[in-house]
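S.K.: First the structure, then my questions, so here it is.
The values are calculated or read from the model by the stated rules, or taken from the named source; none is laboratory data. Small disclaimer: the values here were computed from a predicted structure and weren't measured. Glycine gets a Cβ as well: all are built from the backbone with ideal geometry, and neighbour counts include every protein chain shown.
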């Protein structure tokens, strides 16, 4: 008999969780059996239980059987990935920005080049040409640079005109400092605005040290006022707060300010906690390497400051933790071989340099170019093929990892920044992190299982 | 929960009942932002 190499065996009290990385099964076994499994002492396992473990592919007759099951899953999942027609559209009018935030992903590639009206026309010709082949997300994402810089106003107005009689809406990722200059046009076209994402990293003394620009030394009050104006128009906002060591302990002060402004419970405001832990955020002083320790910090802080619970702890989970909590809460999991839709070439980022990129933060990196859309459409077939293969099952290091169908292989841009290749994974100790997570949530998990 | 009749040391309980290779998860373009609809609603060509 052969013990699968795709098992994660995690102790929890007197029991162990067995996670099967090939088929997504999770089982609870006594620690006694876990030890027998670990020692490959199959003969001592109760026959009924042994048969169950064989049926659920924790144990095979031989390694060949495991390979067959692995390959079947790999084939099915990859088939679905490449045949999936869903695509997202992201428009970067320009990479230029009126801020110069400390951890910005795009600033080293910042250029003042800007799209023309003709570029916007070409994007819509592209959509028209491919509407049968692809299913486009109804929300067009505006990214950049800052999409709402004053210099972009004619492009923004033109884009609104283009989507007027369509089902498309705009999802605008903005730093929030110049929204007041756009408020009238937003008011007139509010049914075309799906959502804003705006960032406040903490109270003014924290936020203003991270998010500032040449002409904007203090941005907190300006952004907060703009958020309030958008909420008056009932426009949904994701309020993003980027967390790292230096800002974590001040977050409750931001919530207090939101409380004072009576917007902390506004139904159009969705607070969202994000960890700064990626390699491409070079400006951060202390990138996070063990996300679970921040769950601990968040929990401890929210015991002291319950107002923090407007943020959701699950925002801090990595994919393996989300997978496990789905199992525990009896929600269905689906295998994940890509970290995001960028991997798999499912995102088209239209940039001012006439090119289509795979990731919105990658403009100017040759390896991320999928093709051109201006003056005419031209695909870079080699790159498209490479991006369709940017998944964990195609990366050597991931193939033998029990998380191969759970973690997705890590951020492609991080992989590029770290290894100068998108075909190497970014591995942040997923298994160890998951074990820490179980340790931290032992009582909660056992209670949910016994429910 | 299945238990060994002799000593109760051997216990096993399945926490999942499905096989999972039935679809690709709908993901946002980047986990850095979370579209309202989870990135699941799609439309075709604009009318103009």
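S.K.: Is the range A:101-116 home to any residue that is facing another protein chain (nearest Cβ under 9 Å), under 20 Å from residue A:360 (Cα atoms) and modelled with pLDDT of 95 or more?
M.R.: no
S.K.: I've got another one for you. Scan the range A:324-349 residue by residue and report those that are more than 10 Å from every other protein chain (Cβ to nearest Cβ) and not in a loop (DSSP other than H, G, I, E, B). Walk me through it before giving the result.
M.R.: Applying the first criterion (more than 10 Å from every other protein chain (Cβ to nearest Cβ)) to the range A:324-349 yields A:325, A:329, A:331, A:345.
Hit for the range A:324-349 is A:325, nothing else.
S.K.: If you don't mind, there's one more thing I want to ask. Can you say whether residue A:35 is farther than 23 Å from residue A:405 by Cβ, more than 9 Å from chain B (Cβ to nearest Cβ) and at pLDDT below 90, as far as the supplied structure shows?
M.R.: Working: farther than 23 Å from residue A:405 by Cβ: yes; more than 9 Å from chain B (Cβ to nearest Cβ): yes; at pLDDT below 90: no.
No, not satisfied.
S.K.: Looking only at the range A:245-275, how many residues end up being crowded, with 16+ Cβ neighbours inside 10 Å and within 15 Å of residue A:312 (Cβ to Cβ)?
M.R.: Summing the residues that are crowded, with 16+ Cβ neighbours inside 10 Å and within 15 Å of residue A:312 (Cβ to Cβ) in the range A:245-275 gives 10.
S.K.: Scan the range A:145-156 and tell me whether some residue there is in a strand (DSSP E or B) and touching a helix residue (DSSP H, G or I) at 6+ places or on another chain (Cβ under 8 Å). Give the steps one after another, and end with the answer.
M.R.: Start the filter on the range A:145-156 by keeping residues that are in a strand (DSSP E or B), which leaves none.
Within the range A:145-156, not a single residue is in a strand (DSSP E or B) and touching a helix residue (DSSP H, G or I) at 6+ places or on another chain (Cβ under 8 Å).
S.K.: Just to be sure I understand the filter: pairs with C-beta atoms under 9 Å, separated by 6 or more residues or on different chains, first member in the range A:18-34 and without any contact (Cβ under 8 Å) to a residue 12 or more places away in the chain, second member surrounded by 21 or more Cβ atoms within 10 Å (Cβ to Cβ). Which pairs pass?
M.R.: Note: pairs meeting the criteria are A:32/B:10.
S.K.: Residues that are more than 30 Å from residue A:179 (Cα to Cα), in the same structural domain as residue A:450 (by TED's automatic domain parsing), at pLDDT 95 or above and crowded, with 21+ Cβ neighbours inside 10 Å: does the range A:58-66 have at least one?
M.R.: yes
S.K.: From the list A:108, A:113, pick out the single residue that is surrounded by fewer than 20 Cβ atoms within 10 Å (Cβ to Cβ) and over 26 Å from the mean Cα position of the chain (by Cα). Full working, then the answer.
M.R.: Numbers: A:108 fails: over 26 Å from the mean Cα position of the chain (by Cα).
Going through A:108, A:113 in turn, just one is surrounded by fewer than 20 Cβ atoms within 10 Å (Cβ to Cβ) and over 26 Å from the mean Cα position of the chain (by Cα): A:113.
S.K.: So, in the range A:125-153, of the ones that are out of contact with any strand residue (DSSP E or B) (no Cβ under 8 Å at 6 or more places or on another chain) and within 30 Å of residue A:201 (Cα to Cα), which residue ends up surrounded by the fewest Cβ atoms within 10 Å (Cβ to Cβ)?
M.R.: Residue satisfying both the conditions and the ranking: A:150.
A quick yes/no check of all residues on (1) exposed (fewer than 15 other Cβ atoms within 10 Å of the Cβ); (2) part of a helix (DSSP H, G or I); (3) within 11 Å of chain B (Cβ to nearest Cβ):
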| site | (1), (2), (3) |
| --- | --- |
| A:9 | no, no, no |
| A:22 | no, no, yes |
| A:43 | yes, yes, no |
| A:52 | no, yes, yes |
| A:68 | yes, yes, no |
| A:73 | no, yes, yes |
| A:88 | no, no, yes |
| A:91 | no, no, no |
